[in-house]
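Right, one structure below, let's go through it.
The values are calculated or read from the model by the stated rules, or taken from the named source; none is laboratory data. Values in this document were obtained by computation on a predicted structure and should not be read as measured data. Don't worry about glycine lacking a Cβ; one is built from the backbone with ideal geometry, like all the others, and counts go over all protein chains shown.
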Amino acid sequence: MSIQLKRIYDSVSENDGRRVLVDGMWPRGVKKAHVELDDWYKSVAPSRDLRRWFGHDRDRWETFRERYRAELDGSDNEDLDALREIVAREDKITLLFAARDTECNHAVVLKDWLEDAA
């Protein structure tokens, strides 16, 4: 199993494997017809309150990581279950996100959480 992270605005690659959008909202400026996407699991994104509180403020990053992991741990979410099944059976999966910050965003936390759960 290999999980990669990639901005949805980046080019598609043969190495992407299964491409899964993990944002709660459709990314700005992206036309659905032009995206090679296998799945969109919007309910695996952080809660609206947590996302707004974080606001991509790097000073809040560690607390955001903890709170989002707690949401994932406590979740009874069909999309999250489906994503875990995909991770278990696919060789390659790319989690797609729209955030500009490639180091401090929810997809980074989700990737770590999925790897820990595997």
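Residue by residue, here is whether (1) touching a residue at least 24 places away in the same chain (Cβ under 8 Å); (2) of a type in the set (A, V, I, L, M); (3) within 18 Å of Arg7 (Cβ to Cβ) holds:
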| residue | (1), (2), (3) |
| --- | --- |
| Lys32 | no, no, yes |
| Val35 | yes, yes, yes |
| Ser43 | yes, no, no |
| Pro46 | yes, no, yes |
| His56 | yes, no, yes |
| Ala70 | no, yes, no |
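Filter segment 2-26 for residues that are part of a loop (DSSP other than H, G, I, E, B) and among the polar types (S, T, N, Q); which is nearest to Cys104 (Cα to Cα)?
The residue in question is Ser11.
How many residues, within segment 82-102, are under 20 Å from Arg48 (Cα atoms) and over 12 Å from the mean Cα position of the chain (by Cα)?
Residues that pass the stated criteria total 2.
Give just the number: which of (1) touching a strand residue (DSSP E or B) at 6+ places or on another chain (Cβ under 6 Å); (2) modelled with pLDDT of 95 or more does Ala70 not satisfy?
With (1) touching a strand residue (DSSP E or B) at 6+ places or on another chain (Cβ under 6 Å); (2) modelled with pLDDT of 95 or more applied to Ala70, the lone miss is (1).
Checking Val30 against (1) of a type in the set (A, V, I, L, M); (2) surrounded by 15 or more Cβ atoms within 10 Å (Cβ to Cβ); (3) closer than 21 Å to Glu115 by Cα: exactly one of these is not met. Which one?
(3)
Within segment 85-97, count every residue that is modelled with pLDDT under 95 and surrounded by 15 or more Cβ atoms within 10 Å (Cβ to Cβ).
Count: 3.
Within segment 81-111, track down each residue that is touching a residue at least 12 places away in the same chain (Cβ under 8 Å) and farther than 19 Å from Trp40 by Cβ.
First pass over segment 81-111, keeping only residues touching a residue at least 12 places away in the same chain (Cβ under 8 Å): 82-84, 86-88, 90-102, 104-111.
Ala88, Asp91, Arg100, Asp101, Thr102, Cys104, listed by residue number.
Residues of segment 36-76 being in contact with a Leu (Cβ under 8 Å, 6 or more places away or on another chain) and farther than 18 Å from Val87 by Cα, which ones?
Filtering segment 36-76 for residues in contact with a Leu (Cβ under 8 Å, 6 or more places away or on another chain) gives 37, 39-44, 64, 67-68, 71-72.
Matches in segment 36-76: Phe64, Arg67, Tyr68, Glu71.
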